[in-house]
Amino acid sequence: MSGFGRDGSGRATLGGRLLSELRAEAGVGTPAYFYDLDAITQATRELVAAFGAAPGFVAYAVKANTAGSIVRAVAQAGGGADVVSGGELAVALGAGVGPERIVMSGVAKQDWELDRAIGHGIRAIQLESVEEIPRVAARALAVGKAARVSLRINPDVAIDSHAHIATGHDEAKFGIVARDLPAAFGEVARAGAALRLDGLSTHVGSMLTTPGPYLESARVVCAAARELRASGQELAFVDFGGGFGIDYGGAPVEPPPAFVRAALRLLPEQGLADLALAIEPGRSLVAPFGVLVASVVQSKTSGSRRWCMIDAGMNDLLRPALYGARHRIEPIEHAPSSPEWQVVGPVCESADDFGLHALGPDLPQAVALRDAGAYGFTMASEYNGRALPAEVFVAGGRVAHVSRSPGVEAWVERRLGA
Ligand code: LLP
């Protein structure tokens with residue numbers, strides 16, 4: 001796999017090509033995201049291969065990056081999709097993901113979204129509350145087709161991650177906690193033929209560095225699966241969710257296939273060897289293989305402080321402002337060197353700050369914000385009257401596709417017309 005690298009002279013590369021050349025070839029300005037599609041394909045293939053002959057599928061969490069080029073690459077490598085909206089469902093289907101490999105999560109699915117999911121016969125609508133169950137059953141009757149569903153279990157497992165991305169503790173809005181499962185089973189039974197309960201699922205949170213908490217939450221799902229089977233209910237699969245972390249330049253993390261192998265070992269241990277396994281990785285399939293390229297606009301020194309102002313801001317990459325996340329920022333034309341500069345964006349918020357980075361005695365013209373392939377573009381906004389960034393997709397060592405920025409003029413026109 002590749003993603004960001006450096007050539008023998010220290011110049012930044014992506015997918016083995018000089019980023020400066022890719023920029024020229026794509027003909028885009030900055031800020032712009034660049035993605036290595038080949039690496040995304042390879043990461044997906046590795047994860048699919050980790051299943052060996054075991055039944056199951058990789059449901060790529062499309063929210064990490066919804067670009068058609070990426071979802072298509074994942075689908076062609078054998079991946080499916082975990083979607084959380086009608087919009088994401090349409091992208092997954094349009095990118096060639098078969099309904100048999102699509103699951104839909106979300107605590108507030110709207111009627112039109114449920115109707116589409118039911119209409120397309122996706123593998124599972126993941127039910128996130130007892131109250132949601134009769135509502136989905138009613139939509140199934142309205143659509144005239146049984147809805148295939150799974151119950152998303154809140155495992156009440158705390159993880160060592162940022163509070164905003166921990167989802168599996170019992171105060172989270174996600175999933176059904178153990179004490180409410182009997183009520184949920186009852187609701188499913190009452191729905192009769194409108195619902196076909198096929199599986200149990202969970203998602204404990206994001207940025208897991210070891211399989212420990214993943215397996216802990218998986219065991220809760222397995223216990224519920226055994227209980228449900230004992231009551232006579234048939235089940236076809238369990239879905240242990242996503243959340244595999246990546247190394248943002250801090251500490252190394254266990255690679256995603258290690259999570260899959262551990263999960264596959266767990267099933268026979270739990271007496272559930274015949275169940276298929278679904279997983280929902282988002283970040284790990286795309287984050288390391290994307291960079292955000294920005295231009296240096298302005299420097300400022302004041303006393304001992306040294307600022308580097310770039311043309312990418314929190315509206316382009318929100319993670320540092322929202323989660324205090326650190327993305328390595330490096331010069332494009334040469335390797336990092338001291339001194340460090342406080343890198344900030346143009347947005348009028350003090351949170352628009354990317355931290356200290358070694359950019360050298362003379363500021364470079366352009367920098368790369370690394371590991372930005374996931375939750376970068378998908379969380380971007382037009383705050384402060386800024387256009388959404390461009391996206392460049394690299395495959396086979398060349399620019400395969402460019403999605404241009406809509407441009408500031410388009411923004412101005414829309415706002416004047418509002
Ligand atoms: N499945 C469900 C039900 C989820 O809620 C999520 C992520 C995933 C799978 C994929 O998790 P992943 O493998 O990407 O960790 N914006 C945050 C991450 C939010 C994740 C929300 N749910 C960030 O930038 O760190």
- With label points set 7 Å from each Cα along the Cα-to-Cβ direction at residue 401 and residue 340, the distance between them in nm comes to 3.9
- Task: Output the peptides 25-36, 47-58 sorted from most to least packed, where packing is the average of other Cβ atoms within 10 Å over each peptide's residues.
- Result: 25-36, 47-58
- By a straight-distance test (C-alpha under 29 Å), which lysines pair with residue 145 as possible cross-link partners, with residues fewer than eight away in the same chain excluded? 63, 109, 173
- Task: Specify the angular offset, from 0 to 90 degrees and rounded to the nearest 10, of the alpha carbon long axis of helix 181-191 from the longest principal axis of the alpha carbons in the chain.
- Result: 70
- Query: By average Cβ neighbour count within 10 Å, what is the ranking of 307-313, 329-335, 230-236 from highest down?
  - Reply: 307-313, 329-335, 230-236
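Can you give the extra length, in nm with one decimal, that the chain gains between residue 234 and residue 189 once fully stretched, where that is 0.36 nm per residue apart less the Cα-Cα distance? Kindly include the intermediate steps, with their values, before the conclusion.
Values: separation 45, 0.36 × 45 = 16.20 nm, distance 1.22 nm.
Extending this stretch completely gives an extra 15.0 nm.
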- Task: Determine the order of 275, 264 by accessible area, beginning with the largest, at a probe radius of 1.4 Å.
- Result: 264, 275
- Note on the structure: Which residues qualify? For residue 125, with a placed amide H closer than 5 Å and at least 5 residues away or on another chain, they are 104, 148, 149, 150
- Using only Cα atoms, what is the ratio of the radius of gyration of segment 307-367 to 2.2 N^0.38 Å? 1.05
- Task: Whole Å is fine, so just give me how far the alpha carbon centre of segment 27-68 lies from that of segment 293-342.
- Result: 27
- Query: Which cross-chain or sequence-distant (5 or more) residues have an amide H under 5 Å from the amide H of residue 296, H modelled 1.01 Å from N in plane?
  - Reply: 366, 367
- State, to one decimal in nm, how far the label point of residue 49 lies from the label point of residue 108, with both points 7 Å from Cα in the Cβ direction. 4.3
- Where does helix 111-120 land angle-wise versus the long Cα axis of the chain, in degrees 0 to 90, nearest 10? 80
- May I ask you to derive the FRET efficiency for residue 9 and residue 307 from their Cβ-Cβ distance with R0 = 41 Å, giving the value to the nearest 0.05? 0.90
- Describe numerically, in nm with one decimal, the distance between label points set 7 Å from Cα along Cα→Cβ at residue 381 and at residue 145. 3.6
- Would you mind getting me the FRET efficiency between residue 410 and residue 1? Use the beta-carbon distance for r and R0 = 45 Å, nearest 0.05. 0.80
- Message: As I understand it, the value is the acute angle between the Cα axis of helix 37-49 and the longest principal axis of the Cα atoms of the chain; what does it come to in degrees, rounded to 10?
- Response: 30
- Query: Suppose every K and R has +1 on its Cβ and every D and E has -1 on its Cβ; what is the size of the dipole of the chain about the Cα centre, in Debye to the nearest 20?
  - Reply: 420
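What shape does segment 284-418 take by its C-alpha gyration tensor, where a ≥ b ≥ c are the square roots of the eigenvalues and a/c under 1.5 counts as rounded, a/b above b/c as prolate, and the rest as oblate?
oblate
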- Item | Fraction of accessible area attributable to carbon and sulfur, segment 105-281 (%, probe 1.4 Å) | 52
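The values are calculated or read from the model by the stated rules, or taken from the named source; none is laboratory data. Bear in mind that the values here come from a model prediction, so they are computed numbers and not experimental data. Positions of Cβ are backbone-derived with ideal geometry, glycine not excepted, and every protein chain shown enters the neighbour counts. Keep in mind that these areas ignore ligands, DNA and RNA; they rest on the heavy atoms of the full protein, side chains included. Shrake-Rupley method; radii C 1.70, N 1.55, O 1.52, S 1.80 Å.
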